[in-house]
Amino acid sequence: MLEVTEAASSAFRTFLDRDDVNGNAIKLVAERNPDGETGIGVQPIDEPGPNDIATSSTGVVVVLAPEIAPSLDGAVLDARTTDSGADLFVRAQTA
């Protein structure tokens, strides 16, 4: 299962608290980047779909689209603060 750090949870809470965002959970989906590579996109949602995989981290529900869940199994979703906001990234779990 994907582990979501406190830093990533905090970034998601900040995102969901914005007035222009509708949703009470975050869904991670496969998304094609401008360079043509597949990355992870973030979407606000109200409810997980029937095949989605949901987990909760520090008060934030994070939902994985079924097509990306296997590739994130055992990974860590983390965030770091930048001048333009939070930068989310995936890393391997450390032993």
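The numbers here are math on the coordinates, done by the rules we state, and not lab data. If you're wondering where the values come from, they're calculated on a predicted model, not measured in any experiment. Heads up, the Cβs are rebuilt from the backbone with ideal geometry, glycines too, and the neighbour counts pull from every protein chain shown.
Would you compute the Debye intensity of the chain from its alpha-carbon atoms alone, equal scatterers and no solvent, and pass along log10 I(q)/I(0) at q = 0.10, 0.13, 0.21 Å⁻¹ to two decimals?
These q points yield log10 I(q)/I(0) values of -0.25, -0.42, -1.15.
Got a sec? How would E6, E31, E37 order by Cβ neighbour count within 10 Å, fewest to most?
Details: E6 11, E31 14, E37 8.
Sorted ascending by nearby Cβ count, the order is E37, E6, E31.
In terms of the Cα gyration tensor, with a ≥ b ≥ c the square roots of its eigenvalues, is the stretch 1-56 rounded because a/c is under 1.5, prolate because a/b exceeds b/c, or oblate?
Numbers: a/c = 1.39, a/b = 1.25, b/c = 1.11.
It is rounded, given that a/c, with a ≥ b ≥ c, falls under 1.5.
Filter the trypsin sites (Lys or Arg not before Pro) in the stretch 1-68 to those in DSSP coil with at most 16 other Cβ atoms within 10 Å of their Cβ, and list the result. Each step should come with its number before you reach the end.
Numbers: sites: R13, R18, K27, R32; in loops: R18.
Passing sites in the stretch 1-68 are R18.
Report the net charge of residues surrounding G39, where surrounding means a beta-carbon distance below 14 angstrom and charges are Lys +1, Arg +1, Asp -1, Glu -1. Spell out each step's value before the answer.
Details: positive: R32; negative: E31, D35, E37, E67, D87.
Taking every Cβ under 14 Å from that of G39, the sum is -4.
Can you tell me how much longer the chain between T38 and T82 gets when fully stretched, taken as 0.36 nm per residue apart minus their C-alpha distance, in nm with one decimal?
Details: separation 44, 0.36 × 44 = 15.84 nm, distance 2.28 nm.
Extra length available between T38 and T82 comes to 13.6 nm.
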